[in-house]
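As C-alpha cells, the structure follows; a few thoughts come after it.
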Amino acid sequence: MQLRFHCVGRPRADLIILVNYDKEIRESERKCAMSLEGKIAIVTGSTSGIGLGIVRGLAESGADVILNSFTDTAQDHALAEGIAKEFNISARYVSADMCDVQACRDLIAEVGRCDILVNNAGVQHVAPIDQFPADKWDDILAINLTSAFHTTATALPMMRAAGWGRVVNIASAHGLTASPFKSAYVAAKHGVVGLTKTVALETAEEPITANAICPGYVLTPLLEAQLPATMEKYNMDRETVIKKIILDRQPSRSFATVEQLAGTCCFLCSNAADQITGTTISMDGGWTAM
Ligand code: NAD
C-alpha cells in the first residue's frame, strides 16, 4: 500500500515498474511458503515416531513421500496408503534395512528420484563402555550414521540432476553433548553432525542444503523402550522417571513433539531456508544451552 501511495501523480511507466515490483514481492513470498508440491521425499525409519511425524508433515505440505523401515509388513504398506489418501499425495512404503550398506543405496536407487532426503532411522542401547556389546556398537553406528552416508551419496547426483535438494539429518542433543552409557549413540550422532557439515560444504554453491535437527527428548517408541530399565534402576514409577530423570536434562521440562520436528523439517525444506546449510537446529528445550 505504501508503494502505491508514493506513486500518486507519477508517470504511468513508474506505476508499471512498481506494480511489477509488487508482483515480484508476492512471488518471492509465495516461493518462501511451505508448499512442497512436486517434490519427492524419502524418510528413512519412518513407520513410527519422529520419522512418521516428518512424513506426515511433508505430505501435508504437498510432497510425495516414501516411507521406510526393515519390517515390510502389510501394516507398513497400509500406513503409506492411508497417508496418500489423507493428504491427497502419492505415498509408498519401501523396505530396506539401514544396517545393510547395499540396501541403503538400493532404497534411493529404487525410488529413482530424491528431492528431499531425511536420514532419520536410529536405534539406541544404553550400557557402560566396558560392558557395551560390540554388536550393538556396530548396529548403532551402521543404522544411525553409516546409512546416512550411503543414502546421501546415492541421492546427491539425483538432487543435482533435478537442480534442487534438501538433506535433513535427524541427529540429537547427543550430537552436540554426551551422556554416560550412550557411547555408541553419542559417537554416531556427533558423526551425523560432522557428515552434515561436510555435505553442506560440498554442495555450498549448488541449490542443495544439508542440515541436522538435534532434538532433546521426544516421547516415541525409542524412548518408551528405555523407560522400564530406568524405572527399575531408580526404583521409580513411570511418571516420576519421566519428570525427575529424563526431563531433568531438558530445562523446559517438556518433551519436543513429532509435530514440532515435522514443522522444523518442512521449514528447512522451504525456500525460506535456502541460505541455511551446514548447521544444527536444536529442539531440546534449552538442554544444550546449559
Ligand atoms: P522410533 O523407534 O520410534 O522409530 C525408529 C524408526 O526407525 C522406526 O520406523 C523403525 O522401524 C526404524 N528402524 C529401526 N531400525 C531400522 C533399520 N535397521 N532399518 C530401517 N529402519 C529402521 O524412534 P524415534 O524416537 O522416532 O527416533 C527417530 C530418530 O530420532 C532416531 O535417529 C533417533 O536417534 C532420533 N532422536 C530421537 C529422540 C527421542 O527422544 N525419541 C531424541 C533425539 C533424536
> Can you find a residue in the stretch 216-229 that is without any contact (Cβ under 8 Å) to a residue 12 or more places away in the chain and either charged (D, E, K, R) or in contact with a strand residue (DSSP E or B) (Cβ under 7 Å, 6 or more places away or on another chain) (or both)?
Replying inline: yes
> For the stretch 91-115, how many residues meet the condition of being aliphatic (A, V, I, L, M) and farther than 19 Å from GLY38 by Cα?
Replying inline: 6
> Of all residues in the stretch 158-198, which are more than 19 Å from GLY45 (Cβ to Cβ), away from the ligand (no atom under 13 Å from the Cβ), touching a helix residue (DSSP H, G or I) at 6+ places or on another chain (Cβ under 6 Å) and not hydroxyl-bearing (Ser, Thr, Tyr)?
Replying inline: GLY165, ALA178
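Which one is farthest from the ligand (Cβ to nearest atom), of the residues in the stretch 126-141 that are over 18 Å from GLY191 (Cβ atoms) and assigned to a loop (DSSP other than H, G, I, E, B)?
Filtering the stretch 126-141 for residues that are over 18 Å from GLY191 (Cβ atoms) and assigned to a loop (DSSP other than H, G, I, E, B), the one farthest from the ligand (Cβ to nearest atom) comes out as PRO128.
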> Any residue in the stretch 83-97 that is under 23 Å from THR264 (Cα atoms), of a type in the set (S, T, N, Q) and in a loop (DSSP other than H, G, I, E, B)?
Replying inline: yes
> Is it true that ASP284 is charged (D, E, K, R) and surrounded by fewer than 18 Cβ atoms within 10 Å (Cβ to Cβ)?
Replying inline: no
>> Being more than 9 Å from the ligand (Cβ to nearest atom), farther than 21 Å from ASN211 by Cα and assigned to a helix (DSSP H, G or I) is the requirement here; does ASP72 meet it?
In response: no
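Here is a yes/no grid of residues against (1) without any contact (Cβ under 8 Å) to a residue 40 or more places away in the chain; (2) within 18 Å of the chain's Cα centre (by Cα):
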| position | (1), (2) |
| --- | --- |
| VAL43 | no, yes |
| THR47 | no, yes |
| ILE50 | no, yes |
| SER61 | no, yes |
| VAL65 | yes, yes |
| THR73 | yes, no |
| HIS77 | yes, no |
| GLY82 | yes, no |
| GLU86 | yes, no |
>> Being surrounded by fewer than 22 Cβ atoms within 10 Å (Cβ to Cβ) and either of a type outside the set (Ser, Thr, Tyr) or in contact with a helix residue (DSSP H, G or I) (Cβ under 9 Å, 6 or more places away or on another chain) (or both): is that true of ALA103 here?
In response: yes
>> Against the condition touching a residue at least 40 places away in the same chain (Cβ under 8 Å) and part of a loop (DSSP other than H, G, I, E, B), how does ARG249 come out, does it pass?
In response: yes
>> All but one of (1) among the charged types (D, E, K, R); (2) crowded, with 17+ Cβ neighbours inside 10 Å; (3) more than 9 Å from the ligand (Cβ to nearest atom); (4) not in a helix (DSSP H, G or I) hold for ARG113; state the number of the condition that does not hold.
In response: (2)
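Values in this text are rule-based calculations from the coordinates and carry no lab data. Only a predicted model underlies this, so the values are computations on that prediction, with no experimental measurement involved. Heads up, the Cβs are rebuilt from the backbone with ideal geometry, glycines too, and the neighbour counts pull from every protein chain shown.
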